[in-house]
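**Student:** Okay, handing you the structure first.
Nothing in this text is a laboratory measurement; each read-out follows from the coordinates by a stated rule. The shown structure was predicted, so the numbers you read here are calculated from the model rather than taken from an experiment. Here Cβ is always computed from backbone atoms with ideal geometry, including for glycine, and neighbour counts include all displayed protein chains.
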Amino acid sequence: MVGGRLKVAGEGEETTDVIPLEQVRQIMLPVSRWQEIVGHCRRKLAGRYVEGESRMPRAYGLVAGTQDDRILKVERILPIKRNVRHQEPYKTYMDRIMKQYAVPSKTPFSKRGWITDPEELKACYDQCDRQGLMVFGSYHVHLVPWEHDSLRDRPTHLDTVLARNSQLFSFIVSMVDITRPRMRAFYEASEEKEVPAIIEERELAEIA
């Protein structure tokens with residue numbers, strides 16, 4: 001399921017449009033889902049890999065859940081294992097995009113960028129469809145502080161280019177300080193389209 005599809009109306013009900021994700025005003029993030037994201041990022045950065053996972057200090061995953069009017073509720077986090085960025089024809093494409101749009105950093109262009117294995121991506125979407133969930137975003141980690149962006153919790157120009165017309169949210173996870181991770185959500189990785197991602201206090205109280 002994806003944002004913007006028609007709802008299926010039952011007998012005697014009117015068919016209504018799902019509110020487009022671009023009009024969402026709030027994202028509710030249970031603390032347990034936030035901990036899953038942080039755990040995935042920290043594990044990859046520590047060099048602890050699971051079977052079949054690309055062995056690189058980069059974390060990427062999908063965010064899925066449900067929509068109620070202009071509020072999204074995160075129900076599932078789906079860490080992605082395989083990065084095919086270094087396989088053709090993806091390598092040639094990503095190398096070109098990097099040279100054209102990426103900002104030089106301590107990490108060389110050849111070690112930056114993520115393209116999910118299409119088969120794994122399809123499997124994740126199929127799984128969410130079976131569970132009645134919609135994929136409404138993806139997350140990835142930023143590590144190296146820049147002079148003009150010391151926190152690295154905003155999308156880069158490259159992020160915006162890659163997310164253009166995706167109709168998805170980009171969740172930017174800042175791990176500049178791995179002990180104090182932070183995350184912000186931007187529709188199609190546009191800074192002008194940030195939506196607050198709120199950790200649900202009720203669940204925090206239950207865990208305390």
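**Student:** With n ≥ 4 as the cut-off for DSSP H runs, can you work out [θ] at 222 nm for the chain, using -39500 (n - 2.57) per run divided by the number of residues, rounded to the nearest 500?
**Tutor:** Working: 5 runs with 54 residues, N = 208.
The per-residue figure over the chain is -8000 deg cm²/dmol.
**Student:** Now, a different point. Once the dipole of the chain is set up with Lys and Arg at +1 and Asp and Glu at -1 on Cβ about the Cα centre, which of 101, 190, 64 lies farthest towards its positive end?
**Tutor:** Comparing the listed Cα positions along the dipole, 101 ranks first.
**Student:** Here is a follow-up. What percent does the relative contact order of the chain come to when contacts are Cα pairs within less than 8 Å and at least six residues apart?
**Tutor:** Working: 359 pairs, mean separation 47.1, N = 208.
Reported relative contact order: 23 percent.
**Student:** Quick query: amide H of residue 152 versus all other amide H atoms, modeled in the peptide plane; which residues come in under 5 Å with a sequence gap of 5 or more or a different chain?
**Tutor:** The list, which skips near neighbours in sequence, is 146.
**Student:** Sort 107, 66, 156, 179 so that the residue with the fewest other Cβ atoms within 10 Å of its own Cβ comes first and the one with the most comes last.
**Tutor:** Numbers: 107 13, 66 16, 156 19, 179 6.
The fewest-first ordering by Cβ neighbours comes to 179, 107, 66, 156.
**Student:** For semi-axes √(5λ) of the Cα gyration tensor in Å, the choices are (1) 27, 21, 12; (2) 33, 19, 15; (3) 28, 20, 18; which was calculated from the structure?
**Tutor:** Correct label, based on the coordinates given: (3).
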